[in-house]
Amino acid sequence: MTEQSYTFTNAIVRAPGRNVVGGLRSVDVGQPDFDTFVRHHRDYVAALASTGAHVTELESLDAFPDSVFVEDTALCLPEGAVIMRPGTPTRLGEAARITPILKQFYDDVVTIEGPGSIEGGDILTSEREILVGRSQRTNVQGIEEFRQLTAKWGYEVREVNTPPGVLHFKTDCSLLDENTILATKRLAQSGCFEGYDVIHPVEGEEACANAIRFNNLVIFPANFPMTATRLRNAGYEVREIGNSEAAKLDGGMSCLSLRFSPVCQTSSNGSI
Ligand code: CIR
């Protein structure tokens, strides 16, 4: 198991294509603005890279409007990568596209074959375990196959619930450090974080719960100032990144990258 589940040497992102404005959304709150999306994405990549990590930027995929949300296609652990099986038909093909990329970093890449489904947005890896939330996209069969695939690396997989109406488990929570989780009250009240310290978003700012701890930074959506202050007061270095356009597609800070430190890299220069 990883020594620190928020220390990473690498990240992979996928550029937003023009088609991103046609991405899936649970509620239509208006069309994302492409240029603003691109600007936010650049700021996000710069934040990742500023921590010293190598960031691999993949080209946009014209056939897949949601492919900028690359997190959902795989889970990268130090020992190997697991290719996901997205739970919505328009995203299924994205998983196959990430496989050859991850094989450039890992000797061991395994694949969820189905019939179950599971998406990276439902998986929170902490120091001691991997929590997987059942959701509209991740079902019991998908979790079971994931459990079997990761057992060889010694991981403890715990199945938890995503609140109804919430897209992904991590829509409502983020790992801040080895023992601390940022989580909405509606999620934490299920008791799934017993044994962890939990920080809640300030009331009214629940939509900021999807952040990422990436090396020294907490990469955090802009426009949630009270919670940003709460995190800074707790000692975290918070980097705020615009997320207004991705949020219209139910996307947040975690969705936009795969973050990892492969133990046995077959190639590490990330030039793809
Ligand atoms: C979707 O519905 O699949 C995308 N519009 C948003 C995916 C967000 N991904 C994530 O939370 N990991």
- request: Calculate I(q)/I(0) for the range 22-165 by the Debye formula, one identical point scatterer on each C-alpha and no solvent, and give its log10 at q = 0.09, 0.13, 0.17, 0.21 Å⁻¹ to two decimals.
  value: -0.30, -0.64, -1.08, -1.44
message: Test of understanding: ordering F214, F193, F69 by Cβ neighbours within 10 Å, fewest first, what list do you get?
response: F193, F214, F69
query: Between A209 and residues 5 or more places away or on another chain, which pairs have amide H atoms under 5 Å apart, with H built 1.01 Å from N, and which residues are they?
result: none
- request: Quick one: grab the alpha carbon gyration tensor of the range 10-260, order the square roots of its eigenvalues as a ≥ b ≥ c, and give me rounded if a/c is under 1.5, else prolate or oblate depending on whether a/b is larger than b/c.
  value: rounded
- line: Across V27, V160, V110, the residue with the highest GNM fluctuation in the chain (Cα network, 10 Å cutoff) is V27
query: How do D33, D62 rank when sorted from fewest to most other Cβ atoms within 10 Å of their own Cβ?
result: D62, D33
query: Among the lysines, which have Cα under 17 Å from the Cα of K248 when same-chain residues fewer than 8 positions away are ignored?
result: K170
field: Relative contact order of the range 64-120, defined on C-alpha pairs under 8 angstrom at six or more residues apart (%)
entry: 43
- prompt: Where nothing but the Cβ of Lys and Arg (+1) and of Asp and Glu (-1) is charged, how large is the charge dipole of the chain around its Cα centre, in debye to the nearest 20?
  reply: 220
Cα gyration tensor shape for the range 197-249, rounded if a/c is under 1.5, else prolate or oblate: oblate
message: Placing one identical point scatterer on every Cα of the range 40-113 and ignoring solvent, what is log10 I(q)/I(0) from the Debye formula at q = 0.21, 0.23 Å⁻¹?
response: -1.02, -1.15
task: Towards the positive end of the charge dipole of the chain, with charges on Cβ (+1 Lys, Arg; -1 Asp, Glu), say which of L48, S126, T36 has the farthest Cα.
output: T36
task: In a Gaussian network model over the chain where Cα atoms closer than 10 Å are linked, find which of A47, A209, A234 has the largest mean-square fluctuation.
output: A234
statement: Among beta bridges assigned by DSSP with both residues in the range 116-221, the antiparallel ones amount in percent, to the nearest 5, to 55
Cβ-based exposure ranking for S26, S50, in which fewest neighbours within 10 Å come first: S26, S50
task: Quick one: what are the phi-derived ³J(HN,Hα) couplings along the range 167-182, Karplus 6.51/-1.76/1.60 with θ = phi - 60°, whole Hz, x for glycine and proline?
output: 4, 10, 3, 7, 4, 10, 7, 8, 7, 9, 6, 4, 10, 10, 10, 8
message: With θ taken as phi - 60° and the coefficients 6.51, -1.76 and 1.60, list the Karplus ³J(HN,Hα) couplings across the range 190-196 in order, rounded to whole Hz; mark glycine and proline as x.
response: 6, x, 5, 10, 4, x, 9
message: List the residues, sorted by chain then number, that are 5 or more residues from E237 or on another chain and whose placed amide H is less than 5 Å from its amide H.
response: V218
message: Could you compute how fast the range 160-272 diffuses translationally, taking Rh as the Kirkwood radius over C-alpha pairs and applying Stokes-Einstein at 10 °C with viscosity 1.306 mPa s? Give it in µm² per second.
response: 106
Amide H contacts under 5 Å for V157, placed H, 5+ residues apart: I130
query: Roughly how many Å is it from the Cα centre of the range 40-69 to that of the range 153-232, as a whole number?
result: 22
- request: Taking every Cα atom in the range 105-193, find the radius of gyration and the maximum pairwise distance Dmax, and write them in Å.
  value: 13.1, 40
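FYI, it's all coordinate maths here, none of it is from the lab. Small disclaimer: the values here were computed from a predicted structure and weren't measured. Neighbour counts run over all protein chains shown; Cβ positions are idealised from the backbone, glycine included.
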